[in-house]
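Only one structure is covered here, and it is reproduced in the block below.
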Amino acid sequence: MNRHRLRGLLLALMSSLALAGTGSASGAVISGTTAEAERLVEAIRKHRAATWHWQRVMGKPRWTATYAERRTSDLGRLTAIRDRWTRRATRLRRRAQRPPHRSAWLCIHRHEGRWKDPHAPYYGGLQMSRQFQRAFGRYLLHLKGTANTWTPAEQMWTAERAHRAGLGFHPWPNTARACGLL
C-alpha cells in the first residue's frame, strides 16, 4: 500500500474516531476536513520539494524538515506549515532568477546559442558539453537530461558553480573575450 493511500486511511480513521467521540451525526464535515487536510499535505510536499530543488541548484545547504504534517490533522497547523514552505519556495525561486554574474552569463548566452539548443556536442544557451554538465550540473543532468531541457536560471547556476570552482569564464574563451570578461 502506498504512503498517500495509507495517510488517507489514517486520516479517515482519525476522523471516524473523532466523530464517534463527539456523537455527531454529520459525516460530511469530517470527510471534507480529511480531503482538505490531504490537499494541504500535498501542497506542503510540493513546496518543500521546490525549495530543496532550488537550494540544490544554487549550491545552498538544504533546510531541514520536521515533517510535522505527518503528526497532525489540525487544519490550522497544516495551513501554517504550507504557508511557511510556500514562502520559502517563492523566495528561493525569485532569488534563483538572479544568479551572481547574471549579466555576464546573459552576454555569453547572446553569443552562444538558444536556451533550448539540443545540438550535440554542446547543449543549451551556454553551450555546455556533457562533461561540463556532469562536473557542475550532475543533479540536473540526472533529473532532466541535457542542458537544453533546463531553465535558463538552472543553466546559469551551473555555470556559476564552474566559476566558483576556479574556472572563471575560461570555458567560454571566445565569447567571454567578446563580452570583455577575459
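Every read-out reported here was derived from the displayed coordinates using simple, explicitly stated rules and does not represent laboratory data. Model, not experiment: these values are computed from the prediction. A quick note on method: Cβ atoms are made from the backbone with ideal geometry, for glycine too, and the neighbour counts reach across all protein chains shown.
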Quick one: which residues, 5+ away or cross-chain, put their amide H under 5 Å from the amide H of Tyr122? H built at 1.01 Å from N. none
In straight Cα distance, which aspartates and glutamates are under 18 Å from Lys116, not counting same-chain residues fewer than 8 positions off? Glu154
Sort 154-160, 142-148 for me by packing, meaning the mean count of neighbouring Cβ atoms within 10 Å per residue, highest on top. 154-160, 142-148
Straight-line reach from Lys60: which lysines have a Cα under 21 Å away, not including same-chain ones fewer than 8 places off? Lys46, Lys144
